[in-house]
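The values are calculated or read from the model by the stated rules, or taken from the named source; none is laboratory data. The shown structure was predicted, so the numbers you read here are calculated from the model rather than taken from an experiment. Every residue, glycine as well, gets a Cβ built from its backbone with ideal geometry; the counts of neighbours run over all protein chains shown. To get the accessible areas, we keep the full protein, side chains included, count just its heavy atoms, and leave off ligands, DNA and RNA. Shrake-Rupley method; radii C 1.70, N 1.55, O 1.52, S 1.80 Å.
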Amino acid sequence: LSASLGLGSTRSQRRTFSCNLAYLFFRAFSSEVSLGTSPPTSSNLGSWATCRQMRFMLEGVSGHGVRLGRLLLPGSQGCGQGVETPASLLYTRVGVVPHLTNDVLQSVPGRPPAVMVTLPTVYETPGAEVLERYQQGIHSFFNLQDHFLYLSVQDPHAPPPNGYNQEKSTSVWTNGGRHKVTVKDHLRLVEAFQPSAFECLCDSVPATGNKLKRIRKSVDRTLKFLDETLAARASSEVLQRCGLLGAIEGSEVLEERRRSASETAKRPVDGFVLEGFDLRPGCESQREVIQTITQLLPEEKLRVIHGVCKPAEIFDAVECGVD
């Protein structure tokens, strides 16, 4: 279908179009919607457009569990009336979609307005020092002013080796090797980059193959990193303008997943990232875990999951309540 429409000459273009196609099916065929928060109108959109940070509005939930929402951004950022969800994140490396120049990207119809920038691909280049001198943030630096820019801790296309995170730092792997990133290092980069939203520093572990002791330590460290981030954010106007997403850890242990979700939900975060999932076809056990987690999270806050997924797997995640 993408090839027949002239939109899929490369793998990345076909992947982007598949995500957009999945999104359109969700918006068109989600039935039995029970309305919650009123959708933005010309009368109430202005107050949202001038807000200091991103806001998520849940507009309704279908009979299949699909959440229909809208992600609204501060007035200084683009995206028109916001990002409708469910939505896909446009994957980038150093702020550029692989194999697509920016002018070609602008010519692609229906491209996702939400862009994923990964810490490993920007930690060295451009890095915090360059953006501190630039002083205008990554929206301007990458010429993506009309996009929602989300900064993740790891790169889902290049999962890091397991076992290198420490008590006070998370290991980020770049072309130059391993970097031990502390909460202070991470927040310095976030303040320089000024993304629309960022994931809290976290100690992620793979979906399977971990001992219970390591999984518990992952949850404890991630909550500690979150508390340190919230303390620093309280005294920084720049960080307060960026949405903060807390990471849900716990690997395949349901008890630790519940603990991570419930404890993170108690903190004043703007949304959640479901970390450490491998959305493989027919993996019903992980689908059950996702459903269990989302039932513990506040309905009015954004939910994000990482990973390269086929459209059918995206459907599974969204039906479990992921945005």
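Structure notes:
- Normalised radius of gyration (Cα atoms, divided by 2.2 N^0.38 Å) for region 174-227: 1.33.
- With the simple spin-label model, which puts each label point 7 Å out from Cα in the Cβ direction, the H157 to K211 separation comes to 3.5 nm.
- Computed label-point distance, nm, for sites R267 and Q166 using a 7 Å Cα→Cβ extension: 2.1
- At R0 = 22 Å, FRET efficiency that the Cβ-Cβ distance of D103 and S140 yields, to 0.05: 0.85
- Accessible area of region 83-180 divided out per residue, in Å², using a probe of 1.4 angstrom: 47
- In region 178-304, Cα pairs under 8 Å separated by at least six residues give a relative contact order of 26 percent.
- The phi torsions of region 228-237, fed into the Karplus equation with coefficients 6.51, -1.76 and 1.60 and a -60° offset, translate into couplings of 5, 5, 5, 5, 6, 5, 4, 10, 10, 5 Hz, rounded to whole numbers, with Gly and Pro shown as x.
- Length-normalised contact order for region 89-158 - Cα pairs under 8 Å, 6+ apart - percent: 38
- Straight-line cross-link reach from K310 at under 14 Å between alpha-carbon atoms covers these aspartates and glutamates, not counting any fewer than eight positions away in the same chain: D278.
- Partners for K168 among lysines (Cα-Cα distance below 18 Å; same-chain residues under 8 apart left out): K180, K184, K213, K217, K224
- Protein-only accessible surface order, largest first, of Y91, Y134 at 1.4 Å: Y134, Y91
- Across region 116-132, rounded Karplus estimates of 3J(HN,Hα) from the backbone phi angles (6.51 cos²θ - 1.76 cosθ + 1.60, θ = phi - 60°) give 9, 10, 9, 4, x, 8, 10, 5, 8, 10, x, x, 5, 4, 5, 5, 5 Hz, Gly and Pro being marked x.
- Phi-based couplings in Hz for region 147-152 (Karplus 6.51, -1.76, 1.60; Gly and Pro marked x): 10, 7, 9, 10, 9, 9
- Percent accessible area from carbon and sulfur atoms, region 100-236, protein chains only, probe 1.4 Å: 50
- Heavy-atom accessible area order for H306, H64, H99, largest first, 1.4 Å probe: H99, H64, H306
- Sequence of H157, H186 when ordered by accessible area, the most exposed leading, probe 1.4 angstrom: H157, H186
- q = 0.09, 0.19 Å⁻¹, region 61-216: log10 I(q)/I(0) [Debye, one scatterer per Cα]: -0.34, -1.24
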